[in-house]
Structure formats: structure tokens, C-alpha cells
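Notes follow once the structure below has been shown.
Where a number appears in this text, it was derived from the coordinates with a stated rule and is not lab data. All values reported here derive from a predicted model rather than from experimental measurement. Reconstructed Cβ throughout: ideal geometry from the backbone, glycine too, with neighbour counts over all protein chains shown.
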Amino acid sequence: METLTGIEAYGQSLEALADAGRLRRCRTVEPVPGEPWLVCRVDGRRAVNFCSNNYLGLTEDARLKEAAMAAVRKHGVGSGASRLVSGTSGLVLELETELARFKDAEAALVFNTGYQANVALIQGLVAAGDWLFLDKLNHASIVDGALLSGARWTRYRHLDWEHLARKLEKAPADGRKWIVTDSLFSMDGDLADLRVLCDLAERYGALILVDEAHATGVFGEERGSGLAEAQGVCRRIALQMGTFSKGLGGFGAYVAGPEVLIRVLINRARGLIYSTALPPAVVGAALAAVRVVRDDPSPRQKLWENVRYFKPRLDAVLARHGLSCPSESQILPVVLGDRVMAVCEALLARGYFVQGIRPPTVPEGTSRLRMTLSAAHTREQLDGLLSALDEVLA
Ligand SMILES: *Cc1c(COP(=O)(O)O)cnc(C)c1O
């Protein structure tokens with residue numbers, strides 16, 4: 001093909017990334033017929049998946065699959081329009097009613113993805129003249145929403161409440177104040193203390209938006225709705241956002257909170273207004289997932305059993321190699337620096353698929369191996385990864 005004028009520089013930018021060890025590519029992951037979902041082929045090589053966010057194994061749950069297929073049979077494969085035109089079906093409203101109850105909130109609103117939800121929420125609720133206080137390690141979609149909102153924004157050191165308090169103290173009294181945080185941090189596996197955050201918000205007249213993407217279905221003894229439930233603060237948090245794409249096994253996102261804020265979002269959130277509503281299969285699966293998580297604690301209990309089995313054994317392996325993993329959850333990162341991709345390859349050669357996460361997803365100098373556990377992992381698979389890791393790190 002003839003070279004288009006002006007694209008050479010893009011090629012050079014890719015070479016620069018490769019030279020810095022930062023070039024990314026998408027690996028092909030395919031199911032192995034007759035095997036459970038976690039056993040896959042990665043670029044043709046058979047491996048056990050230790051990097052998906054399918055924490056509860058719901059991706060292949062028969063109840064979700066049947067709900068998705070029933071929705072297709074009844075409604076077809078597309079929603080036909082955006083929510084405000086003709087894309088709001090009874091199925092979507094049923095999901096929103098169920099979600100509001102699940103999250104102990106007045107109302108809920110479904111979005112197409114977590115990324116879109118965060119951008120749309122922040123842009124829809126916060127404007128020039130307002131203040132945003134973000135954790136330094138918040139998800140990229142939160143940062144993008146902040147940029148798009150035009151609000152004044154500042155980042156406090158990761159989970160450093162003193163630092164946040166000082167920033168709140170110094171902010172002028174004019175304008176609304178929103179604190180935005182992930183509840184379970186996706187690249188570190190650590191948790192926000194939402195009770196402390198609520199105390200601060202109440203003291204300084206701020207509202208809280210919490211992103212429960214990785215905590216939904218994982219935390220919460222009774223309903224499994226997230227860390228806000230587990231820490232007993234659902235009603236003190238203005239907006240609880242989360243996704244159906246991780247623990248809930250499917251796709252899509254939601255926000256739950258006071259009806260007035262949900263109505264403002266319906267009127268102002270551009271990501272909701274100018275995008276076609278989710279297809280019925282996705283909505284059907286999400287509705288089934290919420291019900292499964294609420295009524296059946298066994299996948300959640302199985303996940304935590306796996307975490308309790310694996311974590312101390314991982315700590316012992318890592319200690320032998322002078323490494324550690326300070327996680328408090330099913331997300332288990334080990335900072336390895338520049339050798340991370342070589343370690344990934346060596347693990348894949350031994351039949352374990354674990355991703356390396358590099359900057360700019362994580363801060364400079366903190367490239368890490370990010371292992372994630374699922375309720376569907378067997379003891380044998382967990383033990384296998386531990387011995388492969390021990391071998392590779394040696
Ligand atoms: C994955 C993730 C998102 C984005 O959700 P998608 O549904 O994948 O777009 C948002 N916030 C956090 C904290 C996430 O980890």
C-alpha cells in the first residue's frame with residue numbers, strides 16, 4: 001500500500017514504545033472445547049487464566065446464559081435507540097429497580113460501560129466552578145471525566161486521608177465538592193476506608209462518588225453489592241457506581257443514588273444521552289447476575305476461600321525471592337519492574353496466563369505482575385501457579 005503522508009511519525013512512535021519495553025499488543029484468547037472457561041488458548045498455547053476479572057465465574061453460569069438468550073428471543077439483538085429516544089425497555093427498568101434495592105439506594109441508572117459511566121457521571125454532575133478530589137490511583141475513566149467536566153480538580157496521595165483533609169480544608173467555600181474514589185483499587189488490590197471518607201465528606205460538605213467496579217459481587221456479607229455495603233455506608237455515599245463486566249460476569253455499568261441525582265444524569269449525562277442503549281442480551285444477563293449474587297452467596301464464599309488459601313502461600317513464595325504483595329483482596333499484584341513481561345512469558349510457557357501491567361496504567365517504575373483469583377479456580381490450579389511462580393522467580 002502507498003504510504004499516506006504523515007503516518008511515518010506514528011510508526012516511529014511505536015518504535016520508541018518498543019525500545020522502552022512498553023509496546024502493547026492484544027493476545028488472542030480462545031476457549032478450549034470441553035474445558036471450563038478459565039482454561040484457554042493464549043496465542044495458541046493452552047493455559048489457565050489468572051488475569052480475568054471474572055471473579056465469581058459467572059461468565060459461564062447457566063442462569064446468566066439462559067437469561068441472555070431469553071432476552072434475545074423476546075427483544076432481538078439490539079435496543080434500537082438511545083435510552084431517551086426508544087431504548088428504555090421494561091427489562092432495563094426492571095434491572096434499575098433491582099439495582100437500587102441491591103445497592104440500598106433510592107434509584108439507579110444503567111450505563112453502557114464503566115468507562116462511559118465515569119466520564120458521563122462526572123461530566124454530568126460537576127462543572128466549572130466545582131471541585132473534584134481524586135485519589136492519585138483512581139481509574140483512568142475518572143481522570144478523563146474530571147478533564148472533560150471543566151471543574152477544578154486535585155489528586156490526594158493514595159488512601160492518604162490526612163492529605164485529602166488538608167486539600168478539603170484549603171478549598172474555597174464556593175462551588176460543589178465531590179470526592180471520587182475506587183473502593184477496591186484495580187492495580188493494587190487494596191481498599192478505601194469509606195467510613196473515614198464519609199466522615200471527611202460530612203465535615204467539609206462534600207459529596208462522594210465511589211467506583212465499585214472490582215468490588216461488586218465480591219464484598220458485602222448479605223447481598224454482595226460491594227464495599228459500601230460491607231462497611232455499612234451505602235446511605236452516606238451520594239453515588240455508588242459499578243459494573244456488570246467484572247464480578248458480575250457480563251458487560252455494562254450502573255450508578256445508584258438519590259432520585260434527584262439520577263434525574264439530573266438523565267438530563268445531563270452526554271454518555272447516556274448520545275449513545276445507543278445496551279442490547280437486550282446484555283441487560284438480561286446483568287439482571288440475572290444481580291439476582292444470583294444477591295440470592296446465592298456460594299460463588300462469593302468460594303472466591304474468598306480461594307483467596308484465603310492462596311494468599312499466605314503466595315506470601316511464602318514471594319518472601320523466598322525478596323518480594324511481597326500487600327493486597328487485601330482477590331487482586332494480587334507483585335511489583336517486578338522491567339522483568340515483568342519476561343516473567344509473564346515464562347509463566348505462559350508453563351501453562352499460566354498472568355498479565356504484566358506497565359506504565360502508564362501504573363506509575364513509572366512499578367511494573368507489576370497482576371494475578372486475579374476466581375471462585376472457579378481449583379486447588380490444583382492454584383498450587384500449579386504457585387510452583388510455576390517459585391520456579392520462574394528463581
Ligand atoms: C474496569 C474499570 C472501569 C471500566 O469499566 P468497563 O465496564 O470495563 O468499561 C471503571 N472503573 C474501574 C475502577 C475499573 O476497574
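Descriptive notes on the structure:
- By the beta-carbon count within 10 Å of each Cβ, the least crowded to most crowded order of Phe353, Phe244, fewest first, is Phe353, Phe244.
- The convex hull built on the alpha-carbon positions of the stretch 29-156 has an orientation-averaged projected area of 11.7 nm².
- Sorted largest first, the principal axis extents computed over the alpha-carbon atoms of the chain equal 58, 56, 54 Å.
- As an equivalent ellipsoid, the stretch 217-322 spans semi-axes of 32, 17, 15 angstrom, where each value is the square root of five times an eigenvalue of the C-alpha gyration tensor, largest first.
- Legend: P(r) of the stretch 157-229 from all alpha carbon pair distances, 10 Å bins from 0, whole percents, reading 19, 47, 26, 7, 0.
- The value for the stretch 84-148 of Rg(Cα) / (2.2 N^0.38 Å) is 1.31.
- Part-to-part distance (alpha-carbon centres) for the stretch 46-104 and the stretch 128-177, which is given in Å: 32
- Taken over the stretch 142-193, the ratio of Cα radius of gyration to 2.2 N^0.38 Å equals 1.23.
- For the stretch 320-378 versus the stretch 207-284, the gap between their alpha-carbon centres in whole angstrom: 28
- Above-threshold pairs, the threshold being 32 Å between Cα atoms, out of Lys65/Lys177; Lys136/Lys311; Lys167/Lys311; Lys74/Lys302; Lys65/Lys136: Lys65/Lys177; Lys167/Lys311; Lys74/Lys302; Lys65/Lys136
- Cβ-based exposure ranking for Met69, Met187, Met371, in which fewest neighbours within 10 Å come first: Met69, Met187, Met371
- Segment Glu305..Ala165, full-extension length gain: 46.7 nm, with 0.36 nm per residue of separation and the alpha-carbon distance subtracted.
- In the stretch 1-81, the C-alpha radius of gyration followed by the widest Cα-Cα span (Dmax) gives 20.2, 53 angstrom.
- Diffusion of the stretch 89-199 by Stokes-Einstein, at 10 °C in a medium of 1.306 mPa s and with Rh set to the Kirkwood radius over alpha-carbon pairs, works out to 104 µm²/s.
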